[in-house]
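Structure record follows, encoded as structure tokens.
The values are calculated or read from the model by the stated rules, or taken from the named source; none is laboratory data. Predicted model, so just to flag it, every value in this text is computed and none were measured. Cβ atoms come from the backbone with ideal geometry, glycine included; neighbour counts cover every protein chain shown. Heavy atoms of the whole protein, side chains included, go into the accessibility calculation; ligands, DNA and RNA do not. Shrake-Rupley method; radii C 1.70, N 1.55, O 1.52, S 1.80 Å.
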Amino acid sequence: MNELVSIITPSYNTARFIPETINSVLAQTYTNWEMIIVDDCSKDDTDAVVSRFSDPRIRYLKNEKNSGAAVSRNRALREAKGKWIAFLDSDDLWEPAKLEKQIRFMEENGYHFSYTKYVE
């Protein structure tokens, strides 16, 4: 259980939220991941906020024109190198053991796809 997980995170004007999102990924007990954040031409200071994170597992890409979340997710998918793909919106948070538990569950049961519920 140590395959790379590519975390796909579209972003648009999320400077207020994305630091907590990134921190929830940095806090994961499963550490073999890459986070691909695709910014969809934000007009706030998302660039400056994301640039404060120096972890080499975090990649920040910017769309040339505003195209929507689906286009941003698809761009990140083309860049992904992981065996596993995880989707995390830029205003959502993960519990620290989320990836570890979900990857273990999928491997133990031979699943290729799973999803988890959320709490508001």
*So what's the stretch 1-58 giving for Cα Rg divided by 2.2 N^0.38 Å, two decimals?*
1.14
*asked:* Run lengths n ≥ 4 of DSSP H only: what is the helix-derived mean residue ellipticity at 222 nm for the chain, with -39500 (n - 2.57) per run over all residues, to the nearest 500?
replied: -9000 deg cm²/dmol
*asked:* Solvent-accessible area of residue 30, probe 1.4 Å, all protein chains present, reported in Å² to the nearest ten, please.
replied: 10 Å²
*Dipole of the chain (Lys/Arg Cβ +1, Asp/Glu Cβ -1, origin at the Cα centre): which of 94, 118, 72 lies farthest to the positive side?*
72
*Crossing angle, helix 69-79 versus the chain [Cα axis fit, 0-90 degrees, rounded to tens]*: 60 degrees
*asked:* Using only Cα atoms and rounding to the nearest 10 degrees, what angle (0 to 90) does helix 98-109 make with the longest principal axis of the chain?
replied: 40 degrees
*What is the projected area of the convex hull of the Cα atoms of the chain, averaged over all directions, in nm²?*
7.3 nm²
_Sparse-neighbourhood loop sites, trypsin sites (Lys or Arg not before Pro) in the stretch 17-64 - DSSP loop, at most 11 other Cβ within 10 angstrom_ = 43, 52
*Once the piece of chain linking residue 119 and residue 61 is laid out straight, how much longer is it, given 0.36 nm per residue of separation minus the C-alpha distance between them?*
18.0 nm
*Hey, rough spin-label estimate for residue 107 and residue 29, points 7 angstrom out along Cα→Cβ, what's it come to in nanometres?*
1.4 nm
*Where nothing but the Cβ of Lys and Arg (+1) and of Asp and Glu (-1) is charged, how large is the charge dipole of the chain around its Cα centre, in debye to the nearest 20?*
300 debye
